[in-house]
Each structure stands twice: as structure tokens, then as C-alpha cells.
1. Checking N123 against (1) in a helix (DSSP H, G or I); (2) crowded, with 17+ Cβ neighbours inside 10 Å; (3) touching a residue at least 60 places away in the same chain (Cβ under 8 Å); (4) of a type outside the set (D, E): exactly one of these is not met. Which one?
2. Could you go through the range 4-15 and let me know if any residue there is surrounded by 14 or more Cβ atoms within 10 Å (Cβ to Cβ) and either at pLDDT below 60 or within 17 Å of the chain's Cα centre (by Cα) (or both).
3. Report whether or not K133 is basic (K, R) and farther than 17 Å from M54 by Cα.
4. Kindly establish whether D101 is surrounded by 14 or more Cβ atoms within 10 Å (Cβ to Cβ), of a type in the set (D, E), free of Cβ contacts under 8 Å to residues at least 40 places away in the same chain and assigned to a helix (DSSP H, G or I).
5. Considering each of H70, H85 in turn, give the residue that is at pLDDT below 95, within 22 Å of S51 (Cβ to Cβ) and over 14 Å from the mean Cα position of the chain (by Cα).
6. With respect to the numbered conditions (1) surrounded by 15 or more Cβ atoms within 10 Å (Cβ to Cβ); (2) more than 21 Å from D72 (Cβ to Cβ), which one is the sole condition not fulfilled by H94?
Amino acid sequence: MGAGSKLVEGIGLANEVVLAVWKMTVSRARFTLALVAIFIIAAPVEGQTDSAEMQSIGAALHAAYCQSCHGDRNGKGTSKGASPHNEKGHTWHHPDIQLRDWILNGKPGFEAMPAFKGQLTDNDVEAILVLIKTWWTAEQWEMQADISIRFEEAFGKKRRKAP
């Protein structure tokens with residue numbers, strides 16, 4: 001399939017997604033928020049343009065770095081007791097910036113998590129997030145996107161100014 005065919009196919013799919021989102025939303029504000037979230041999630045990461053490719057990369061990385069603690073898509077395959085990243089877990093309760101921070105810098109506390117900075121790149125982290133977001137319900141995905149946007153609006157500027 002040539003680049004032109006892929007573009008036409010992509011535009012057709014984008015139109016279907018926009019129409020589906022419009023039908024699911026009740027107001028213009030929710031529609032706008034949903035579209036912004038779609039473009040944030042679907043935005044290409046440098047060197048990665050295909051969502052299926054990102055999911056494939058994310059699956060390999062998740063299996064190598066995350067699955068022993070968090071389990072697979074069904075939450076199985078772990079003996080360490082960390083919450084699964086699927087719709088039964090609570091990963092979707094956290095904004096993207098916090099998830100990225102925990103993956104790269106670790107997470108202290110009851111469910112301590114090791115840091116993967118130096119082992120995973122920013123692109124790797126994005127691929128893992130792209131994958132696990134496919135495991136959530138549409139409602140969870142929408143709520144998490146809203147949490148991420150509101151968190152960035154509330155704290156993003158303050159975090160950037162910190163020394």
C-alpha cells in the first residue's frame with residue numbers, strides 16, 4: 001500500500017473516530033476535550049508514527065519491564081501484588097505526567113516501584129502508555145485524558161518554573 005493510500009485510509013478512520021466521539025459526547029465542551037485527548041494520545045512520538053507499531057513496541061517493553069509486577073492485560077502473570085494496568089486497576093486514575101515520572105524515577109511507598117531511567121527512553125515510556133491505555137474502557141480513557149489535561153493546566157507551569 002502506497003503512502004497516498006495510507007493517508008486516505010487514515011483520513012477515513014479519523015472521520016469515523018470524530019463521528020463516534022461526537023455521538024458519545026453530550027456537549028461541545030466534552031467533544032472538544034475528547035478530541036484534544038485523542039490528538040494527545042495519537043500524536044506521533046519522534047521516530048514513531050504508527051499506533052499499531054507503538055502498541056507492538058509497548059507490548060514488548062511491558063512484558064520485559066512491567067509484567068512481572070503488574071501482570072499482563074488480564075492482570076495475570078505476577079506474584080508481586082502490584083495493581084494491574086488494565087480496567088480493573090487504578091492506573092487510569094493518574095495523569096500521564098505522573099505515570100511517566102513513576103516509570104522513569106520510581107515510586108516510593110507501599111507499592112514501591114523501581115526506576116527505569118537509563119533503561120527506558122521517553123519514546124519507550126510513550127509506547128508502554130499507548131499499550132496500557134488500550135486496556136481501559138472508553139469511559140476510563142476519557143476520564144484519564146481529562147485528569148491529564150487538568151493536572152497539566154493546574155501544575156504544569158509551576159513544575160516548569162521549579163529549579
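1. (2)
2. So the first thing to find is which residues in the range 4-15 are surrounded by 14 or more Cβ atoms within 10 Å (Cβ to Cβ), and the list is none.
Checking the range 4-15: not a single residue is surrounded by 14 or more Cβ atoms within 10 Å (Cβ to Cβ) and either at pLDDT below 60 or within 17 Å of the chain's Cα centre (by Cα) (or both).
3. Working: basic (K, R): yes; farther than 17 Å from M54 by Cα: no.
For K133, the condition - basic (K, R) and farther than 17 Å from M54 by Cα - is not met.
4. Values: surrounded by 14 or more Cβ atoms within 10 Å (Cβ to Cβ): yes; of a type in the set (D, E): yes; free of Cβ contacts under 8 Å to residues at least 40 places away in the same chain: yes; assigned to a helix (DSSP H, G or I): yes.
It is true that D101 is surrounded by 14 or more Cβ atoms within 10 Å (Cβ to Cβ), of a type in the set (D, E), free of Cβ contacts under 8 Å to residues at least 40 places away in the same chain and assigned to a helix (DSSP H, G or I).
5. None of the other options fit; the residue is H70.
6. (2)
The values are calculated or read from the model by the stated rules, or taken from the named source; none is laboratory data. For clarity, every value in this text was computed on a predicted model and none was experimentally measured. No Cβ is skipped: glycine too gets one built from the backbone with ideal geometry, and neighbour counts run over all protein chains shown.
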